[in-house]
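Accompanying notes for the structure given below.
Each reported figure results from applying straightforward, stated rules to the coordinates on display, with no laboratory input. In this text the structure is predicted, and so the values were computed from the model without any measurement.
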Amino acid sequence: MKAERFLIPTYFSVLVYLFGCAGIQVSGDVQAGRNALHAGRPGDAAGYFFRAANVDPAYKIPYRVPVGVFTYLGRAYYETGRDEDAHKALEKALSLDNDDSLAHLYLGLTLLRTGNRERGRKQIEGGLKGIHDTLEYLAADNVHGIFWDPARTIRSDIENTLARRPDDSELAVAGSRIGSAFEEEIDKARQDEARSRGGGADSGGN
């Protein structure tokens, strides 16, 4: 009986350790995948995101814009031309979080490229509006807002794109450009805030 009492805490400690290791692996893989996307290596990024999604399908980056791992996986597949895989990953992302504007945007880009014009444009435009609303909300914060799209570059790009009603190819180019800029803004804002406090890039809570 005494042996059992000692073993139960041990098993619990082992489980906590294993879950902790898995969490570190997922976080590391997602960040490595994001770095690969920013460097223009979507094929490498897809490998990292695929591994992370298998371990924790619900994982989101722990910043002010919590993008999910399946959104990143779908984008990586889209940028490598794997449209069927991109479609599946992005539908999965939206089943987990239907408010994920980047997932709507990249699903729309995928649908548009595969011939589903009406739904594709609707998803792209909805994704762009969602990104615009998110930036408006973040920029209105009295403390952290100054770090988000400070020159309104992304928001102005979205406003101009939606106002001129571009054709499909122009909309796809604009959507890809804005999606990349918004995703990179997540890191820029976090790093700028950290520097303003005299800390390193990883010390911010964005």
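Treating cross-link reach as a plain straight distance, find the aspartates and glutamates whose alpha-carbon is under 15 Å from the alpha-carbon of Lys92, omitting any fewer than eight places away in the same chain.
Output for Lys92: Asp56, Asp83, Glu84, Asp100.
Just tell me which lysines come within less than 20 Å, Cα to Cα, of Lys188; anything on the same chain fewer than 8 places away is out.
In chain and number order, the partners are Lys60.
For region 31-75 and region 94-114, what is the separation of their C-alpha centers, rounded to whole Å?
Centre-to-centre distance over Cα atoms comes out at 15 Å.
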